[in-house]
Amino acid sequence: MAYLSMGEAHRRITEYLNKFSDAVLYQDVTSLARLFSFSSNSPSLLSVADALNVFQDANRLIKQSDKFSQFGEILAQLLRSLQSYRLGNLVDAYHAFEKFANAFIQEFRNWESAWALEALYVIAYEIRVLAERADRELASNGKSPEKLKGAGSFLMKVFGVLAGKGPKRVGALYVTCQLFKIYFKLGTVHLCRSVIRSIETARIFDFEEFPRRDKVTYMYYTGRLEVFNENFPAADHKLSYAFANCNPLREENIRMILKYLIPVKLSLGILPKAWILEKYNLLEYSNVVQALKRGDLRLLRHALQEHEHQFLRSGVYLVLEKLELQVYQRLLKKIYIIQKQKDPSKAHQLKLEVIVKALKWLEIDMDLDEVECIMTILIYKNLLKGYFAHKSKVVVLSKQDPFPKLNGKPVG
C-alpha cells in the first residue's frame, strides 16, 4: 500500500460518512448499497478501509457531527467491519457487520416507504457471504463454525420485518432465497418449511408481485426440496417454472436448474434433447438417457458409477438409480418386438429364461427367481400389463398396451 497521510485518511473517511448521510437524506439507494458491498472489493471501499488503518479515531468524527451521530451505531459498526475485512480478520468483520445490520434494520423499520430495499438486499447477501468466509476461518483454526447459523437467525428477523402489509413485503422473497442458501449449505433444509408456509399461505403475499429474479430462485430451491421428497410432479412444476423464466443470458443458472430438472423429467418418462445436454455441459446424463432408450441396464449402472460423486453431491443419485425399472421395461419391450417379428402369435408370452439370457448378454447375472421378482415389481408399478404364470415361468402380456407410458406421471 502506498504511503497515506493522516490528512488524506481523514478526508476519505469523512467523504464516506457524507456519502452515507446524503444517500439516506436523498433516498439514493444505489449509492447507499455500494457502501455495504464488501465482496465487490471496489477500489473506493478498499481505499476507505486503508484510511481506517491510518486514522484510528473514526468514532470521534461520527460523534462530533450531528449529521453522522444520528446514525452513530450503524456507522461505527460498519467502519469497524470494513477495517477488519481489509485486514483479513473475517470473524471480527462478521461480528461488527452483524451489529451494523441489526442497527440498520432498526432504522429501516422507521422508514415508511420501501426506498431502501435494494440496500437491504445487499446487506442480506453480504452477511451470508461474510458468515461463510468467517466459518472457514474458524474451522481452519480448529474452532466451531457458527456464523452462518447466526446469519440465518438475523435473516429470519429481517423476514419478520418485511412480512407485513405495505410496500416492503416485496423484499420478503429475496430474503427467503438467502435463507434457503444458508439452510442448504448447513444441511438444515427442514427449516425451509416455516418460511415456505409463510410465503405460500399468507394472504399478504401475492407471488406474482415479487421480482422475477426472486421467483426463479425461489422455485429452484423449492423444486430441489420436492426432489428430495420424491414429489416429482411438484418438482417438475417448480423447476420447469424456474427454467422457463430464468434469464437466458445466465447460462450457469440455467445449468444449475437443469441438473435437477433433467432427473425429474427422466423419472416422469420424458427424455431431454441431446443439444440441451451439450449446450449446458451436462454430458454426465448422456449415457443415462441412452440407457433408457436402449433398455441397457449395464450402461445405466456404468453411468451411475462413473459420475457417482457428481450425482451424490447434487442429491440426485437415488433418483437416477430408480430409473432401473424403466430400463427393464424398455428391455422387455425390445424382446417383445423381436418375438413379434419371429412369431406374432406368441409375442405376448415372455419366457423368463429369455429375459435371463438378454441380461447375461448385457453381462448382468441374474437367476430366474431374481428376474421373477423384477417382473412382479414391474406389474405392480404399472410398467407392465399382464400377469405371471408361475408354473411355466412365463410373463403373459396384455394384448392391449402391454407397456404403458408414464405420460408425465411418476413410476408407481
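Taking a ≥ b ≥ c as the square roots of the eigenvalues of the Cα gyration tensor, an a/c ratio below 1.5 marks the stretch 320-412 as rounded.
Taking Cα pairs under 8 Å and at least six residues apart, what relative contact order does the stretch 260-336 come out at, in percent? Numbers along the way, then the final one.
Details: 72 pairs, mean separation 26.1, N = 77.
In percent, rounded to a whole number, it is 34.
Calculated accessible area for the stretch 6-210 comes out at 46 Å² per residue, all protein chains present (probe 1.4 Å; ligands, DNA, RNA ignored).
Using alpha-carbon pairs under 8 Å, 6+ residues apart, how would you state the relative contact order of the chain in percent?
Values: 495 pairs, mean separation 35.0, N = 412.
It comes to 9 percent, rounded to a whole number.
Between [x] 26.1; [y] 36.2; [z] 19.5, which matches mean projected area of the Cα convex hull in nm² calculated for the structure shown? So the structure-derived entry is [x]. The string of couplings for the stretch 120-125 from the Karplus curve (6.51, -1.76, 1.60, θ = phi - 60°) is 5, 4, 4, 4, 4, 5 Hz, one whole number per residue in order, with x for Gly and Pro. Taking the protein heavy atoms of the chain in the context of the full set of protein chains, the accessible area attributed to carbon and sulfur is 51 percent at 1.4 Å.
For the stretch 297-397, the Cβ-based charge dipole about the Cα centre amounts to some 560 debye (Lys, Arg positive; Asp, Glu negative; other atoms uncharged). Residues in the stretch 15-20 carry Karplus couplings, in order, of 4, 4, 4, 5, 4, 4 Hz; the curve used is 6.51 cos²θ - 1.76 cosθ + 1.60 with θ = phi - 60°, and Gly or Pro positions show x. In this structure, the amide hydrogen of residue 386, modeled 1.01 Å from its nitrogen in the peptide plane, lies closer than 5 angstrom to those of 398, counting only residues at least 5 positions away or on a different chain. Entry note, the chain: the mean residue ellipticity at 222 nm calculated from DSSP H runs of n ≥ 4, each adding -39500 (n - 2.57), is -21000 deg cm²/dmol after division by the residues and rounding to the nearest 500. Just report the Cα centroid separation between the stretch 178-203 and the stretch 35-51, whole Å. The stretch 178-203 and the stretch 35-51 have Cα centres separated by 32 Å.
In this structure, the residue pairs whose Cα-Cα separation is over 19 Å, taken from 293/333; 346/399; 259/381; 334/399; 342/391; 322/360, are 259/381; 342/391; 322/360. Taking all protein chains together, 68, 243 sort by accessible area into 243, 68, largest first [probe 1.4 Å]. Among the protein heavy atoms, those of residue 91 account for about 20 Å² of accessible surface (1.4 Å probe, every chain in place). Relative to one another, the C-alpha centroids of the stretch 294-344 and the stretch 120-155 are positioned 43 Å apart. Note on residue 206: accessible area approximately 80 square angstrom, rounded to 10, probe 1.4 Å, nucleic acids and ligands left out. Counting heavy atoms of the protein chains alone, residue 390 has an accessible area of about 110 Å² for a 1.4 Å probe.
Overall shape: oblate for the stretch 6-210, with the ratio a/c of the largest to smallest alpha carbon gyration tensor axis at 1.5 or above and b/c at least equal to a/b.
The values are calculated or read from the model by the stated rules, or taken from the named source; none is laboratory data. Bear in mind the structure is a predicted one, so any value in this text is a computation, not a measurement. Heads up, the Cβs are rebuilt from the backbone with ideal geometry, glycines too, and the neighbour counts pull from every protein chain shown. For the accessible areas, the whole protein counts, side chains as well, though only heavy atoms, and no ligand, DNA or RNA atoms are used. Shrake-Rupley method; radii C 1.70, N 1.55, O 1.52, S 1.80 Å.
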